[in-house]
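Participant: I have a structure I would like to understand better, so I am pasting it below and will then ask my questions one at a time.
What follows draws every value from the coordinates through simple rules; no lab data is involved. A quick note: this is a predicted structure, and the numbers were derived from the prediction, not measured. So basically every Cβ, Gly included, is an ideal-geometry build from the backbone, and we count neighbours across all protein chains shown.
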Amino acid sequence: MTVDVDDEEKTWWRSPLLRTSLAGLTLQNPVLAASGTFGYGIEYGGLVDVTKLGGICTKGVSIDPWPGNRPPRLAETPAGMLNAIGLQNPGAAAFAEDYLSWLAEQTPAVVVNIVGRTIEEYSAVAAFLDRKAGIDALEINISCPNIKKGGLSFGTDPQAAAAVVKAVRRVTSLPLIAKLTPNVTDITQIACAVEAAGADAVSLINTITGMIIDVNRRRPLLANVFGGLSGPAIMPVALRMVWQVYEAVKIPIIGMGGITSAHDALQFIMAGARAVAVGSATFRRPDTMVEVVRGLYDYCREQRTSIAALVGVAHGGAH
Amino acid sequence: MCQDDNKRQFITRITSHRQLTRDIWELRCDLPSGMLSASPGQFVMIEVSPSLQPFLRRPFSIAYRQPAPSGKGEEFAVIYRVVGEGTRRLKSLSPGDEVNIIGPLGRGFTWPRRDDRRPVLIGGGLGVPPLLFLAQRMVASGVVPQFFAGFTRADQAVGLDMLSELGVVPVVATDDGSLGRRGLVTELLPDPPPGDLCVYSCGPLPMLQAVASWCRTGRIPCEVSLENRMACGVGACLGCAWPAAVPESHDRDSRRYVLICKDGPVFAAEEVFAFDR
């Protein structure tokens, strides 16, 4: 491929070296905003140039508005944080009305994360969004508690996970990404189940369940007692799971969990991720995602390689 | 959606850093030219460590602005108590050091007003600093506010020198009577409140609730500044949610949250305090 170097240098974030494809989408680069850490994008207006990202995975959207959990919802932990937000969101209609047009205009790729408490709720939100313009893919958050199964997460049971994906698959032709929870004994079982059910890609990992106790009050600090751990503290766990899932499924992987640098992102790509998402690091440094894109570009230039050529290389041999 | 896009990330330089009391410090930094819109009640998120530990920024309200000693531009101050790892790291920074900040953030106090109500500022402890900035603006617009300030003890008092520079004479209360009157600052408020006041308050939650109730008896407008743990400061993480006041008639399922970082930190008292009792 011949590329005018000076021109490429001016538009490094969409260099062919960074291009990646997954679930039928071509992304200008492999760096996405992780769901729940970037709102609906506009919140970071003025702080992040979203045109330089691969895309945005939105905060989870449900068919009806969800109020979210009671506070306290947040705690800082060693090299990370716990959150128990409870998927507060304004509902699909308000999302489409208030946020979607901005996202579609500004963002190279719009991945809408969807949530539900029953399979019917997942189907309803997917069917609603299927009719809206400007959405490139749906990411199904299967970590939500299943209220018909006593609040047990859909994502911890291969059959329940597959049932959600199948139901959503029936109501939309949009590319489907299943977001996997790490809170399972064997994540490859869930990955294989959603692949068989028609998912076009998987993203992993969601947060790891944890807790923190307020020693002064002698009580759990979070009102929800448990929360999801994110940040650099979880990166080795996330990386191990991406590695395992890469060896278990054929569909593309979006890797995430504690990425703060291009060096971290490269590890996920080498473990088998075709794209990566940056989450909690954005809270600390909003420009982290753009820095990661730049770092990946510099690496590819220096090493005379491309993102596509790096996916899974750490496994050695053929996939 | 309407968003305040004045917020930016800046690298600024510390101009002074001094200890005000045993555990309270005042940090001054160059005010970036992109932050000239910063108004009373707004805050900044400061990165307290260049390493990944502590991981998150810390929110601090702007205590005041003033001309820079160099004569070029302005500086802004934050006043903070050393309470944990983050503020311990912050304390270790020296004049000349660079610091990464995001600001100005949030919705501040309503000033100037469209009516000619007489402003009363009521601060408790580290709730006094954000009101200094507000007093500064009021004095600059030719209005000298009444100021009530409460502290636990004389050696915890902050901001009195700044008020005196402004020509504002505060009514002070301390828990132990070591400065000003003994007792709670809210016990010094005139009862019933004169009807032509407008109130701005920041401090511990019980004090804010008492102030809000007092204002309600006189049907006078009251703005309160709240604080909470937050990760992003821009309305994305939803971590700093605060229960919105809902009328008694509503059932439990109507619960709704406001975000301290984006909807606040300054709220009309009736937005965040229910007056069911």
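Participant: Considering each residue of segment B:53-85, count those that are without any contact (Cβ under 8 Å) to a residue 40 or more places away in the chain and buried (at least 21 other Cβ atoms within 10 Å of the Cβ), and give that number.
Facilitator: 4
Participant: Another one. Using the structure shown, decide if A:L27 is under 24 Å from A:R285 (Cα atoms), among the aliphatic types (A, V, I, L, M), within 12 Å of another protein chain (Cβ to nearest Cβ) and under 17 Å from the mean Cα position of the chain (by Cα).
Facilitator: Working: under 24 Å from A:R285 (Cα atoms): yes; among the aliphatic types (A, V, I, L, M): yes; within 12 Å of another protein chain (Cβ to nearest Cβ): no; under 17 Å from the mean Cα position of the chain (by Cα): yes.
Considered against the rule, which asks whether it is under 24 Å from A:R285 (Cα atoms), among the aliphatic types (A, V, I, L, M), within 12 Å of another protein chain (Cβ to nearest Cβ) and under 17 Å from the mean Cα position of the chain (by Cα), A:L27 comes out as no.
Participant: Looking only at segment A:83-99, decide whether some residue is away from chain B (no Cβ under 14 Å), in contact (Cβ under 8 Å) with a residue 12 or more places away in the chain and surrounded by fewer than 18 Cβ atoms within 10 Å (Cβ to Cβ). Walk me through how you get there before you give the answer.
Facilitator: Quick first cut of segment A:83-99, residues away from chain B (no Cβ under 14 Å) only: A:92-93.
Subset that is in contact (Cβ under 8 Å) with a residue 12 or more places away in the chain: A:92-93.
Next, only the ones that are surrounded by fewer than 18 Cβ atoms within 10 Å (Cβ to Cβ) stay: A:93.
Yes - at least one qualifying residue is present in segment A:83-99.
Participant: Give the residues of segment A:302-319 that are surrounded by fewer than 20 Cβ atoms within 10 Å (Cβ to Cβ) and touching a Ser or Thr at 6+ places or on another chain (Cβ under 8 Å), sorted by residue number.
Facilitator: Answer for segment A:302-319, where residues must be surrounded by fewer than 20 Cβ atoms within 10 Å (Cβ to Cβ) and touching a Ser or Thr at 6+ places or on another chain (Cβ under 8 Å): just A:A308.
Participant: For segment A:63-78, how many residues are facing chain B (nearest Cβ under 7 Å), surrounded by fewer than 21 Cβ atoms within 10 Å (Cβ to Cβ) and either under 20 Å from the mean Cα position of the chain (by Cα) or among the basic types (K, R) (or both)?
Facilitator: Selection size over segment A:63-78: 1.
Participant: Kindly provide the set of residues from segment B:110-132 that are charged (D, E, K, R) and not in a strand (DSSP E or B), ordered by number. Give the derivation first.
Facilitator: Within segment B:110-132, the subset charged (D, E, K, R) is B:113-118.
Listed by number, the residues that qualify are B:R113, B:R114, B:D115, B:D116, B:R117.
Participant: Considering only segment A:103-114, state which residues are within 20 Å of the chain's Cα centre (by Cα) and either surrounded by fewer than 22 Cβ atoms within 10 Å (Cβ to Cβ) or more than 19 Å from A:A163 (Cβ to Cβ) (or both). Reasoning before the result, please.
Facilitator: Residues of segment A:103-114 within 20 Å of the chain's Cα centre (by Cα): A:103-104, A:106-114.
A:L103, A:A104, A:Q106, A:T107, A:P108, A:A109, A:V110, A:V111, A:V112, listed by residue number.
Participant: Taking the residues in segment A:17-30 that are in contact with a helix residue (DSSP H, G or I) (Cβ under 6 Å, 6 or more places away or on another chain) and closer than 24 Å to A:G198 by Cα as candidates, determine which candidate is surrounded by the most Cβ atoms within 10 Å (Cβ to Cβ). Full working, then the answer.
Facilitator: First pass over segment A:17-30, keeping only residues in contact with a helix residue (DSSP H, G or I) (Cβ under 6 Å, 6 or more places away or on another chain): A:17-18, A:20, A:28-30.
Now drop any that are not closer than 24 Å to A:G198 by Cα, which leaves A:20, A:30.
Details: A:T20: 24, A:P30: 30.
Going through the qualifying residues, I end up with A:P30.
Participant: Filter segment A:174-186 down to the residues that are among the β-branched types (V, I, T), farther than 23 Å from A:P30 by Cα and in contact (Cβ under 8 Å) with a residue 24 or more places away in the chain and list them by number. Walk me through how you get there before you give the answer.
Facilitator: The initial filter retains those residues of segment A:174-186 that are among the β-branched types (V, I, T), namely A:177, A:181, A:184-185.
Still in the list and also farther than 23 Å from A:P30 by Cα: A:184-185.
Result: A:V184, single match.
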